[in-house]
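Below is one structure; the comments refer to it alone.
None of the figures in this text is laboratory data; all of them are computed from the coordinates on show. Please read these numbers as outputs of a predicted model, since none were measured by experiment. All Cβ positions, glycine included, derive from the backbone under ideal geometry; neighbour counts span all protein chains shown.
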Amino acid sequence: MKADQVDGARPPGSPAGAWYRRMLARATDEEHRSATVLELFFDLCFVVAVASAASALHHEVAADHVGDGVVGYVTVFFAIWWAWMNFTWFASAYDTDDVPYRLTTLVQIAGALILAAGVPEAMAGGDFAVITVGYVVMRLAMVTQWLRAAGSDPPHRRSALRYAVGIAALQVGWVLRLLLPESLGYAGFLVLVAAELAVPIWAERAAPTTWHPRHIAERYGLFTLIVLGECVLASSLAIQTALEEDAALADLATTAAGGLLTVFGMWWLYFAKESHEFLTSLRVAIVWGYGHYLVFASAAAVGAGLAVNVDYLTDHAAIGARGAAAAFTIPVALFLLAVWALQVRPHHLGHWHTTLVPTTAGLVLASTLAPEPILVTGLLVAAMIGVTLVALHRPAAARAP
């Protein structure tokens, strides 16, 4: 029997979306493994929830409800990110592309759209009922996938059952959290988040699943691209609205130029080096995968911050100039530091990389006090990329400390 038939991959030439295939573990070194059209559709639908969360953050910060906006955004984004991440790693190990698998994935997408519909009420009014329903729908669909893997893949049955039991039990917890008084709601949230993060670590100890490093890196990269694209869209819509209201073109031009330079630099930094090369162990994968919460959340928040600054220019923001600037510079700095820690530093490129990106992040935060903070941020990020390009193309001996 061919290797791709043994590990559960779809045999070459077989039709996509077959009625049923055994859910066997796929090979970690499978050749030509790439994201499927279903995974891309999954990402595009999930970004609706990301856009909804970023839009709600924009409106809360612009109204000078910064604390409520940030706390609401952090909690809502966890639900989006965690459901996306769990599906991504499961698909890397067990994607069968048959009818049951596709239907279960579509149920998860429906849950993401339910969650997106509940974001405004959760962030503005603290009502998490709809978001919880959407989250539970996504997670229970994941339970059925793990149970199917447990029944088809005996070598990994213990880990699959641990995933199924852990996820199912926690959904009861999320529903019961809705009954807690408001004073205990966030404490309950933190406890449940810690438990959610612990489930994969506990389950993988039984029998590590066969995720594919290159496929995982590609999936994370594609979602980063989509989130950056949503960031550009949110910024463009804000500027379009400002133009319709006859805002000062000079101010809008510097804001747009700075924002565009910043997003271009964020993209360049993230994809400067391949990341699959150092995904060599479960410990590294956990740190890298979990750390991307900051990458995704900060990238989406950059678009919200730029929209807040456009609102300030058109007198539609209650927040002051420094607050509006900080709404942009803080997520940019967080993105730079997260990408540096997860994507750049592990490559050990030489002494320069240990200081360049963190220093730029610090200067970006300081630019909050500059007369044109968005433009200054864009120029700083562009300069960082320029120095990075020069350093990366120097001979290895010259890069050594």
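Dividing the summed helix terms, -39500 (n - 2.57) for each DSSP H run of n ≥ 4, by the number of residues in the chain produces a 222 nm estimate of -25500 deg cm²/dmol to the nearest 500. Rounded to whole Å, the principal axis extents of the Cα atoms in region 171-241 read 44, 41, 15, largest first.
Between amide H atoms placed 1.01 Å from N, distances below 5 Å from Ala18 occur with Val99, all of them 5 or more places distant or on a separate chain. Between Arg157 and Val74, the contour length at 0.36 nm per residue exceeds the Cα-Cα span by 26.5 nm.
Select from Leu176, Leu222, Leu380 the residue whose mean-square fluctuation is largest in a Gaussian network model of the chain (Cα-Cα springs shorter than 10 Å). Per the Cα network of the chain with a 10 Å cutoff, Leu176 tops the list.
Can you tell me which of 361-372, 228-239, 45-56, 302-313 comes out highest on packing, and rank the rest after it, using the mean Cβ neighbours within 10 Å?
302-313, 45-56, 228-239, 361-372
Within the shell defined by Cβ-Cβ distances under 14 Å, the residues around Arg158 carry a net charge of +1, with Lys and Arg each +1 and Asp and Glu each -1. Working from label points 7 Å from Cα in the Cα-to-Cβ sense, the Ile286 to Leu176 distance is 2.5 nm. Helices meeting the span-like rule in the chain (full DSSP H runs, Cα extent of at least 18 Å along the helix axis, mean Kyte-Doolittle score of -1.0 or higher): 37-62, 66-94, 99-125, 129-152, 157-177, 182-206, 213-244, 249-270, 282-313, 321-339, 373-392. Between the C-alpha center of region 294-311 and that of region 23-82 there is a gap of 14 Å.
Quick check: residue separation of His316 and Leu44 times 0.36 nm, minus the Cα distance between them. What number comes out in nm? All intermediate terms of the calculation are to be shown ahead of the outcome.
Numbers: separation 272, 0.36 × 272 = 97.92 nm, distance 3.02 nm.
Between His316 and Leu44, full extension yields an extra 94.9 nm.
Reducing region 228-279 and region 103-161 to their Cα centroids gives an inter-centroid distance of 31 Å. Using the Cβ-Cβ distance between Arg102 and Ala168 with R0 set to 22 Å, the FRET efficiency from 1/(1 + (r/R0)^6) comes to roughly 0.50. Computed extension gain for Leu369 through Phe264, at 0.36 nm per residue and net of the alpha carbon distance, reaches 35.5 nm. Compute the label zone of Leu389 within region 250-292: residues whose backbone N is under 17 Å from the point 7 Å along Cα-to-Cβ. The answer is 260-273, whose backbone nitrogens lie closer than 17 Å to the label point. Once log10 I(q)/I(0) by the Debye sum over Cα atoms at q = 0.08, 0.11, 0.15 Å⁻¹ is worked out from the coordinates, which option in (i) -0.46, -0.85, -1.35; (ii) -0.41, -0.81, -1.57; (iii) -0.36, -0.71, -1.39 does it equal? After the calculation, the listed value that fits is (i).
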